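A quick write-up on the structure given underneath.
None of the figures in this text is laboratory data; all of them are computed from the coordinates on show. From a predicted model like this one, the values you see are computed outputs, not experimental measurements. No Cβ is skipped: glycine too gets one built from the backbone with ideal geometry, and neighbour counts run over all protein chains shown.
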Amino acid sequence: MGVRRANIVVLCACLFVSVALPAQKNTQTGLEDYTRKLRLAPGLVINVLIYGGHRISGELIGDYEDTISITDVSPTGLGFNWSMTYPANASGHRAVPGQEMKQSHKASLYYGSDGVPSGYTDWIRLSDSVYTELKAGKKTSLDFDGNENPASIQKIAEEDLVALVNERKVKLHTLKAKGENGWYLWVLDNPDFPIIMKGDSSWHWIVPSFNYAEASGKNLVTQLQQKGEATTHAIFFAFNSAELKNESKPILNTVAQYLKINPAIKIEVQGHTDNVGGAEFNLKLSQNRAESVKSYLVKEAGISAGRLTTKGLGLTLPVSDNSTPQGRALNRRVVFREVRPAK
């Protein structure tokens, strides 16, 4: 079984560079502390950025993104769908037994058709036992399902990270731990949701956003009502592609409902990208993504094509620094702008 998994399993995280992640700037001032408000609940979509990802065998895959959609949460266990972009190009479903989430000192990082290995929890939800000991400052054993293992980890600091929750920048408090093998892990200081927010090892990952589809959709509508313009990072596409991912559809359905209730409103759909791939490539990609959003709203949601226009702006209007993974994630966005008659 171990040999077979080495051939099919890919890393479930999203790395940005093959060197250590840059220190996060102190931008938490004035942000709401959302650490204990995050809920591991059905409908939650977790976006993960991975750089230097590799197979369990050690074979390099590269940089990609992983989208995790929670489907089931109960005392008996946790279930979620996952989907990785190119070059990982993999997807599936996982189920984690409730007992392992209570006491396991093993966490799975590598995803494939075998599911969660026996005796393991998952990196998105470390066990109660590991969290409790880490929080108390104790050295606690922790193994991953690969050739590289921390063996044990211990808290060395506490650090606030910034992430998007339902399109809002918030502060998330983490327990920064160091493993015996030199790995650094940032674990969310939430006993009900101790996800590894960030990992710095021979490869790297970070979680830049969490979205509850219903709340994100309502926030979009509120933005449109108040400002005539709304920005979302919760519309996901395949890597370097205009193909919409299923996790995007609840958000778009909410936008469609708003347009049906307000039949006089016309909307321009804008696509924005980061700078990876160059200006010409991203200009075309952003236009294609805007067209893809329009196509869904017309063909699947029943909005008249005449009410929607598209514009691809590529990398020309960044809202953050493209030199960091977090910044690039913020720059990849879709904007809906109400088109009003000229006065």
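Rounded to the nearest whole Hz, the Karplus-based 3J(HN,Hα) values (6.51 cos²θ - 1.76 cosθ + 1.60, θ = phi - 60°) of the stretch 200-208 follow the sequence 10, 9, 6, 9, 9, 8, 8, 9, x, with x at glycine and proline. Remark on N181: its backbone amide H falls under 5 Å from those of S152, a criterion applied only to residues 5 or more positions apart or on other chains, H modelled at 1.01 Å from N. Only bridges whose two residues both fall in the stretch 228-338 count here: according to DSSP, what percent of them are antiparallel, nearest 5? Percentage antiparallel, nearest 5: 65. Amide hydrogen proximity for K171: with H placed 1.01 Å from N in the peptide plane, the residues at 5 or more positions away or on another chain lying under 5 Å are E32, D33, Y34. The Stokes-Einstein estimate for the stretch 228-338, based on a Kirkwood radius over Cα pairs and taken at 4 °C with 1.567 mPa s viscosity, is a diffusion coefficient of 93 µm²/s.
Only beta bridges with both residues in the chain are counted; by DSSP, about 85 percent of them are antiparallel. Beyond 20 Å in Cα-Cα separation lie the following of the pairs K37/K155; K139/K171; K139/K178; K106/K135: K37/K155; K139/K171.
Once the Kirkwood radius over Cα pairs is known for the stretch 23-107, the Stokes-Einstein relation at 20 °C and 1.002 mPa s delivers a diffusion coefficient of 139 µm²/s.
Shape class for the stretch 36-163, computed from the alpha carbon gyration tensor (a ≥ b ≥ c): rounded, with a/c under 1.5.
For a paramagnetic label modelled on V339 (point 7 Å from Cα along Cα→Cβ), amide N atoms under 19 Å away belong, within the stretch 282-298, to 286-298. How big is the equivalent ellipsoid of the chain along its three axes, where each semi-axis is √(5λ) from the Cα gyration tensor, reported in whole Å from largest to smallest? So the equivalent ellipsoid measures 36, 20, 19 Å along its semi-axes. Among the GluC sites (Glu not before Pro) in the stretch 230-311, those placed in a DSSP loop whose Cβ has at most 14 other Cβ atoms within 10 Å are E243, E300. Taking Cβ atoms as reference points and 10 Å as the exclusive limit, the residues near P194 contribute a net charge of -1, counting Lys and Arg as +1 and Asp and Glu as -1. Amide H to amide H, with H built 1.01 Å from N, I303 comes under 5 Å of V298, counting only residues 5 or more places away or on other chains. Remark: the stretch 138-154, residue by residue, has Karplus-estimated 3J(HN,Hα) of 7, 6, 10, 6, 7, 10, 10, 8, x, 7, 10, 9, x, 6, 8, 10, 8 Hz, where x stands for each Gly or Pro and the curve is 6.51 cos²θ - 1.76 cosθ + 1.60 at θ = phi - 60°.
When the Gaussian network model of the chain links Cα atoms closer than 10 Å, the mean-square fluctuations of A234, A177, A136 top out at A136.
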